[in-house]
Amino acid sequence: MPKLDRSWLWDGTSHHIQAELSGDHLYMELDGKPVEFSVVKGPIGSFFLRQGDRILTGYAAATAEAIWVQLDGRTYVFEPEKPPRAGSGPGGPTGGDVLSPMTGTVRKVFAESGQAVAAGAPLLVVEAMKMEYTVTAPGEGRVAELLCSVGQPVDLGQLLVRFEAAPATADQ
Amino acid sequence: MSREFHRLLIANRGEIAVRLIRAARELGLETIAVHSDADRAALHVLEADRAIGIGPAPAAESYLSIPAVLEAARASGAEAIHPGYGFLSENAEFAQAVIDAGLIWVGPPPEAMRLLGDKLGAKALAAKLGIPTVSGDDSERDRMDRSAEPLDAKKADAALITKAKGVGFPLLLKAVAGGGGKGMRRVDHEKDLPEAIRSARREGHAAFGDSRLLVERFVSPAHHVEIQVFADAHGHVIHLGERECSIQRRHQKIVEESPSPTIEPAVREVMADAAVTLVRAAGYRSAGTCEFLLDESGRFYFLEVNTRLQVEHPVTEMVTGMDLARMQMVEATGKDLSRGQSVVEWRGHAIECRLYAEDPERGFLPSSGPVLMFKAPEGPGVRVDSGIMAGWHVGVHYDPILAKIIVHDYSRERAVARMQRALAETVLLGLTTNLPFLQAVVRHPEFMAGRTPIDFLDTHLANWHAHESPPGTDVLALAAMAEWERLGMIGNGRGPAAGVGGQYSADDDPSSPWRQLGAFRLGQKGR
């Protein structure tokens, strides 16, 4: 009997789902309340859910990285809640680390490892399909480590710069 | 003198290549596709009769490589080449090389491409024919000193002011190196010029390292309206009406329609006449488009000619019932269009939305990923030109256009409702697209009212966000089903756990043969 008990991220917020499939009945618990659907599975990727005489047709497909759902013309993407990254802690990724905003190629690099930068300072330029995107410093701080070079192909989300934010001033 | 051909090579990819293959197939032609390494299993390759690899993924090494395409033509015995849009379609050198190789070029003569493809040359020809053009001046392009405080600043500014006065007010100062509105200033009065020039130079230099400016007459509120023309080798030129393409983002068109909701019939006549006169004077053949800026008092100004078939040609096809790609292929054999303008009729209204692999919530950054599912809208008056299918991986090497969704109905109001329906039915899972943004455009009251000037997106949807309500039970239930399907835990014949979780059929009826078959599934491979 397929069961699910996990959390997914949608738009930064966590959604916990507890669900169980028995025959063609889907049982879920949401905010402590039980919910039940009868399910008819259509051609791959499409599902018909029925609650009483209410029928929904939706489309959904999952990969290891994301679950895509489209219902009534609206699209939702869920990502698994990331477990703490291996190597987190001293020397590991810190908040403010700069990830590539898209898959493309690094065209220009303006900063060096160890360089202090102001908030919003241009760090590098990534290009894809003739569009250039300037990646800027997320705050005042220091480029702890530059992890890419001109001409290097990069993926969406790839770590480009290890960044250390400047310590907050004593009186906030 | 006619010259028949039977083997056509399509020097393009994606949705336009598929669309051209369809036209060729209807004419009984054998089709040859070319593809980069990344496109080995692309839809246009699968649809063609034959396919030849022409190089690695980067366009410069494949689709833009004249030697590679010509070699593919030679090796395949192609007799004609259609270049599609983009890539080499407006490259007169390529057109000439095709002709020199003894093949038929499905497009205008190289001389006409050269003359009209040069913006300044085309404007000069238009002016000579008495067609109004957008006045402007870009003499600063030749200035070498691009620093914010040039040595001869006074002299440069004085020259620019003189040029600006010649262009007339209101005008726009634009950074020569510019984009995204940086280094751009609107100036309504002569007295505001000096300060506007200084400030635009500073901004242009800060953004692009280049303080040079050009001047352009400001037309507002403006609409981008273009006329589709078609010419044969016998001097006959017809027009197929106009398209309104004012829904643009950084000069990238997103939604187009025909007819224009803005243009008056009398203005249409004059504009169409100007377009026909212009291309005839250039010795044009095949399909072409003349672009104009139209202001709301009905004055129009010539911008440029596109010497090729355009992305948005389907809206013209829907309202005229004519097939432009097929016409191009027939015209290329030297056929005579002498029945002329009288055969063109217009009916109803058509709208096109371009589905892009872009994330509208993150500055329209290109997106990439696998097409897990693609369900195109169908039904009356809906046409979809797409280059993708489920299982395809959308990469970053090429134009992000995935598909064009086109609708036609008897009135604009009905066409808008039909587009809203079509977009609501469109399903694409696996990568981010601009689908929600398109929905926002066609549902916007100003769009529905037909008020679509060229700054429509900047004015009404500049800070658009999807504002989706958080996913409810329904959505989470679907997510759960998808996850179970991925893990092979529900009975779809795939995976080791096929049959677990119960039996599923599209038919709930207990006497349905699907239930009686039990876990038996036809044609499903185990994973």
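The values are calculated or read from the model by the stated rules, or taken from the named source; none is laboratory data. No experiment lies behind these values; they were computed from the predicted model shown. FYI the Cβ positions are ideal-geometry reconstructions off the backbone, even for glycines, and counts take in every protein chain you see.
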Quiz item: Which one of these does B:Met389 not meet: (1) modelled with pLDDT of 95 or more; (2) of a type in the set (A, V, I, L, M); (3) touching a Leu at 6+ places or on another chain (Cβ under 7 Å)?
Solution: (1)
Exercise. Could you tell me which of the residues B:Ala357, B:Ala415 is in contact with a strand residue (DSSP E or B) (Cβ under 6 Å, 6 or more places away or on another chain) and within 13 Å of another protein chain (Cβ to nearest Cβ)?
Key: B:Ala357
Practice problem: Mind counting the residues in region B:296-316 that are closer than 28 Å to B:Ile405 by Cα and not in a helix (DSSP H, G or I)? | Solution: 10
Exercise. Could you please find all residues in region B:126-162 being in a helix (DSSP H, G or I), surrounded by fewer than 16 Cβ atoms within 10 Å (Cβ to Cβ) and either touching a helix residue (DSSP H, G or I) at 6+ places or on another chain (Cβ under 9 Å) or acidic (Asp, Glu) (or both)?
Key: B:Lys128, B:Ser139, B:Asp142, B:Ala159, B:Ile161
Quiz item: In region B:365-400, how many are on the phi > 0 side of the Ramachandran plot and facing chain A (nearest Cβ under 10 Å)?
Solution: 1
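Which of the following residues is crowded, with 19+ Cβ neighbours inside 10 Å and under 19 Å from the mean Cα position of the chain (by Cα): B:Thr320, B:Thr307? Lay out the reasoning, then the answer.
Numbers: B:Thr320 fails: under 19 Å from the mean Cα position of the chain (by Cα).
The conditions single out B:Thr307.
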Quiz item: Mind checking which residues of region A:30-57 are surrounded by fewer than 23 Cβ atoms within 10 Å (Cβ to Cβ), small (Gly, Ala, Ser) and within 7 Å of another protein chain (Cβ to nearest Cβ)?
Solution: A:Gly42
Practice problem: Keeping to region B:234-248, report how many residues are of a type in the set (Val, Ile, Thr) and either touching a Phe, Trp or Tyr at 6+ places or on another chain (Cβ under 6 Å) or within 20 Å of B:Phe447 (Cβ to Cβ) (or both). | Solution: 2
Quiz prompt | Subset of region B:56-91 [part of a loop (DSSP other than H, G, I, E, B) and either of a type in the set (Asp, Glu) or more than 26 Å from the chain's Cα centre (by Cα) (or both)] | solution = B:Gly77, B:Ala78, B:Glu79, B:Glu90
Self-check item: Checking B:Arg362 against (1) basic (Lys, Arg); (2) away from chain A (no Cβ under 12 Å); (3) assigned to a loop (DSSP other than H, G, I, E, B), the condition it does not meet
Solution: (2)
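Does A:Val143 meet the test of being at pLDDT 80 or above and within 14 Å of chain B (Cβ to nearest Cβ)? Full working, then the answer.
Details: at pLDDT 80 or above: yes; within 14 Å of chain B (Cβ to nearest Cβ): no.
Taking the combined requirement at face value, the residue does not satisfy it.
I'd like to check something: does region B:470-482 contain any residue that is exposed (fewer than 14 other Cβ atoms within 10 Å of the Cβ) and either away from every other protein chain (no Cβ under 14 Å) or modelled with pLDDT of 80 or more (or both)?
Here is the first cut: in region B:470-482, the ones exposed (fewer than 14 other Cβ atoms within 10 Å of the Cβ) are B:470, B:472.
When the remaining residues are screened for being either away from every other protein chain (no Cβ under 14 Å) or modelled with pLDDT of 80 or more (or both), the result is B:470, B:472.
Yes; the residues of region B:470-482 include at least one that is exposed (fewer than 14 other Cβ atoms within 10 Å of the Cβ) and either away from every other protein chain (no Cβ under 14 Å) or modelled with pLDDT of 80 or more (or both).
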Quiz item: Is there a residue being crowded, with 17+ Cβ neighbours inside 10 Å, within 14 Å of chain A (Cβ to nearest Cβ) and hydrophobic (A, V, I, L, M, F, W, C) anywhere in region B:333-349?
Solution: no
Quiz item: Looking only at region A:1-29, which residues are surrounded by 15 or more Cβ atoms within 10 Å (Cβ to Cβ) and assigned to a loop (DSSP other than H, G, I, E, B)?
Solution: A:Pro2, A:Asp24
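Identify all residues within region B:421-463 that are of a type in the set (Gly, Ala, Ser), part of a loop (DSSP other than H, G, I, E, B) and either buried (at least 22 other Cβ atoms within 10 Å of the Cβ) or within 11 Å of chain A (Cβ to nearest Cβ) (or both); write none if there are none.
First pass over region B:421-463, keeping only residues of a type in the set (Gly, Ala, Ser): B:422, B:424, B:430, B:440, B:449-450, B:462.
Cutting the leftovers down to part of a loop (DSSP other than H, G, I, E, B) gives us B:430, B:449-450, B:462.
Result: B:Gly430, single match.
Return the total of residues in region B:225-269 being of a type in the set (Asp, Glu) and surrounded by fewer than 19 Cβ atoms within 10 Å (Cβ to Cβ). It would help to see each step written out before you state the result.
Pass one, region B:225-269, residues of a type in the set (Asp, Glu): B:226, B:232, B:242, B:244, B:256-257, B:264, B:269.
Okay, now just the ones that are also surrounded by fewer than 19 Cβ atoms within 10 Å (Cβ to Cβ), so B:264, B:269.
The total comes to 2.
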Quiz item: Which residues, counting only those in region B:401-415, are buried (at least 23 other Cβ atoms within 10 Å of the Cβ) and assigned to a helix (DSSP H, G or I)?
Solution: B:Ala415
Self-check item: Breaking point among (1) in contact with a helix residue (DSSP H, G or I) (Cβ under 7 Å, 6 or more places away or on another chain); (2) more than 12 Å from every other protein chain (Cβ to nearest Cβ); (3) modelled with pLDDT under 90, for B:Leu522
Solution: (1)
Exercise. Determine if region B:178-200 includes at least one residue that is of a type in the set (A, V, I, L, M), in contact (Cβ under 8 Å) with a residue 40 or more places away in the chain and assigned to a loop (DSSP other than H, G, I, E, B).
Key: no
Quiz item: Of all residues in region A:43-98, how many are modelled with pLDDT under 80 and within 20 Å of A:Gly23 (Cα to Cα)?
Solution: 2
Quiz item: Which members of region B:388-405 meet the condition of being of a type in the set (Val, Ile, Thr) and more than 22 Å from B:His313 (Cβ to Cβ)?
Solution: B:Val394, B:Val396
Self-check item: region A:154-166 residues that are among the β-branched types (Val, Ile, Thr), paired with ones that are surrounded by 17 or more Cβ atoms within 10 Å (Cβ to Cβ) and assigned to a loop (DSSP other than H, G, I, E, B) (beta carbon under 9 Å, 6 or more apart)
Solution: A:Val154/A:Ser100; A:Val154/A:Met102; A:Val154/A:Thr103; A:Val154/A:Cys148; A:Val161/A:Asp97; A:Val161/A:Ala111; A:Val161/A:Ala137; A:Val161/A:Cys148
Quiz item: In this structure, does B:Ala33 turn out to be more than 21 Å from the chain's Cα centre (by Cα) and farther than 17 Å from B:Trp392 by Cα?
Solution: no
Exercise. Could you look through region B:319-337, keep only residues that are of a type in the set (D, E, K, R) and over 18 Å from B:Ala11 (Cβ atoms), and pick out the one that is modelled with the highest pLDDT?
Key: B:Asp323
Practice problem: Kindly indicate whether any position in region B:227-238 is in contact with a helix residue (DSSP H, G or I) (Cβ under 6 Å, 6 or more places away or on another chain) and farther than 18 Å from B:Val344 by Cα. | Solution: no
Quiz item: Does B:Ala97 satisfy being touching a Leu at 6+ places or on another chain (Cβ under 9 Å), more than 30 Å from B:Ile406 (Cα to Cα), at pLDDT 95 or above and crowded, with 18+ Cβ neighbours inside 10 Å?
Solution: yes
